[in-house]
Amino acid sequence: MKLLSIAVPCYNSQDYMENCIKTLLVGGKEVEILIVDDGSADRTAEIADRLEREHKGIVRAIHQPNKGHGGAVNTGLENATGLYFKVVDSDDKVKPAAYKSILDVLRRFSGSAQAEDTDAEGQTGEDREEPIDLLISNFVYNKEDKNRHKIMEYRKCLPRDRVFSWDEAGHFPVGKYILMHSVIFRTQMLRESGLKLPEHTFYVDNIYVFNPLPYVKRMYYLDVNFYYYFIGREDQSVHESVMIKRLDQQQRVNRIMIDYFTDPANQERIGHYKALKQYMFNYLEIITTVTSVLAIRSGSPEHLQMRTEIWDYLKSRDEKLWKKMRMRPLGMAMNVNSSLPRSFVSVCYLVAQRLFSFN
């Protein structure tokens, strides 16, 4: 068994995928790198096959018809043999020094799952502790067009350098969330959670970091800047103009998250963990806000109707939840219908965009 499986979804990634893979190879033979070629029309498949030949036992090239980012992540998870699982986008990279620290922690929490009696650090099976469900680390927003970096860290939200549960998690302020770039899940836990991302749909990374949370019991926060997330290209899926064009897919993800959070079985799993329930509520609120504000930024009747529909859908699923979200400042702002308040919301969005460096 590998210690860590890293899925790298690739769609027409010939221009940058090799730079990403190069940073992942630092992990050595404890890591498997699953390059999922998602029906690319360029040289992605050729590059993936070459990297597999050059790094046997570490890199695996997997080819499939196009299924979208979610379908590629699903395929990565299905093929993973590692105790832990991470997704790295093909235009991003990881920092080598932080990567080694990450592996040190994962090795420590490998329990008896590792087949070797002694690892590279001289650590025996008896020294290893029970596996954790979730490892959280920092990531860096790397603005390609402005040469600007912003670190997303969790020092004031989470205990550092020890195992903890949701009972000990602190408050996450607005603008600070656990994103795909922050997380490494225990592979079997992900499978047990029933995670299956929708195919041919963008923005499914929100589902990836939302749905498994009720299954997470043991967590660990390592305060290192591990993942470098590149944003700023005009063709990128998170660019505002692209998100507006794909607002129907954002709405679809929003609905799936509403369904999941309002499911009685999931509410039972969340149980008495107040911090978890509040965090998931806040995350759902910000996703609903994103859907709404993009509709407002567009201003088209079709998109404004989508905003109305998502709030009506929330009400139909759980009127108490709808009322709670609707009466909070963000909810009230997102439901204004006159042009002047909508312009104010749009300006506030631009300010937040600059402060938090998203899109």
**OP:** Name, by its number, the condition in (1) of a type in the set (A, V, I, L, M, F, W, C); (2) touching a Phe, Trp or Tyr at 6+ places or on another chain (Cβ under 9 Å); (3) touching a residue at least 24 places away in the same chain (Cβ under 8 Å) that does not hold for V242.
**Re:** (3)
Original post:
Given the structure, is N282 within 22 Å of Y141 (Cα to Cα), under 20 Å from the mean Cα position of the chain (by Cα) and in the same structural domain as R160 (by TED's automatic domain parsing)?
Top reply: no
Subject >> Filter result for the condition that a residue is farther than 25 Å from R107 by Cα and polar (S, T, N, Q), over N211, N225 >> reply: N211
Original post:
Exactly one of (1) over 22 Å from F109 (Cβ atoms); (2) in a loop (DSSP other than H, G, I, E, B); (3) in contact (Cβ under 8 Å) with a residue 24 or more places away in the chain is unmet by K217. Its number?
Top reply: (1)
Original post:
Is it the case that region 152-163 has a residue that's surrounded by 15 or more Cβ atoms within 10 Å (Cβ to Cβ), among the acidic types (D, E) and either within 24 Å of G271 (Cα to Cα) or assigned by TED's automatic domain parsing to the domain that holds D91 (or both)?
Top reply: yes
Original post:
If Y203 satisfies every condition in (1) surrounded by fewer than 18 Cβ atoms within 10 Å (Cβ to Cβ); (2) touching a helix residue (DSSP H, G or I) at 6+ places or on another chain (Cβ under 7 Å) but one, which is the exception?
Top reply: (1)
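On the basis of being in a helix (DSSP H, G or I), closer than 30 Å to D161 by Cβ and either small (G, A, S) or not assigned by TED's automatic domain parsing to the domain that holds S137 (or both), does A295 make the cut?
Numbers: in a helix (DSSP H, G or I): yes; closer than 30 Å to D161 by Cβ: no; either small (G, A, S) or not assigned by TED's automatic domain parsing to the domain that holds S137 (or both): yes.
Answer is no for this residue.
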Original post:
Here are G76, G39: which of them is crowded, with 20+ Cβ neighbours inside 10 Å and modelled with pLDDT of 95 or more?
Top reply: G76
Subject >> Among residues of region 222-251, those that are at pLDDT 90 or above and within 15 Å of the chain's Cα centre (by Cα), counted >> reply: 5
Subject >> Given (1) touching a strand residue (DSSP E or B) at 6+ places or on another chain (Cβ under 9 Å); (2) outside any helix (DSSP H, G or I), index of the condition L190 fails >> reply: (2)
Subject >> Scope region 251-286; condition buried (at least 21 other Cβ atoms within 10 Å of the Cβ) and within 17 Å of R326 (Cβ to Cβ); matching residues >> reply: N254, I258, F261, L284
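Mind checking which residues of region 156-181 are assigned to a helix (DSSP H, G or I) and within 19 Å of Y273 (Cβ to Cβ)?
To start, the set of residues in region 156-181 that are assigned to a helix (DSSP H, G or I) comprises 166-168, 180-181.
Listed by number, the residues that qualify are W166, D167, E168.
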**OP:** Enumerate the pairs (first residue in region 83-94 and not assigned by TED's automatic domain parsing to the domain that holds G70; second residue anywhere and surrounded by 23 or more Cβ atoms within 10 Å (Cβ to Cβ) and β-branched (V, I, T)) with beta-carbon separation below 7 Å, excluding pairs fewer than 6 apart on the same chain, so at least 6 apart or on different chains.
**Re:** none
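Conditions (1) closer than 13 Å to Q14 by Cα; (2) without any contact (Cβ under 8 Å) to a residue 12 or more places away in the chain; (3) in the same structural domain as E130 (by TED's automatic domain parsing), marked per residue:
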site: A41; (1), (2), (3): yes, no, yes
site: K56; (1), (2), (3): no, yes, yes
site: N74; (1), (2), (3): no, no, yes
site: T81; (1), (2), (3): no, no, yes
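The values are calculated or read from the model by the stated rules, or taken from the named source; none is laboratory data. Please read all numbers here as calculations on a predicted model, not as lab measurements. Note that we place each Cβ from the backbone using ideal geometry, even for glycine, and neighbour counts take in every protein chain shown.
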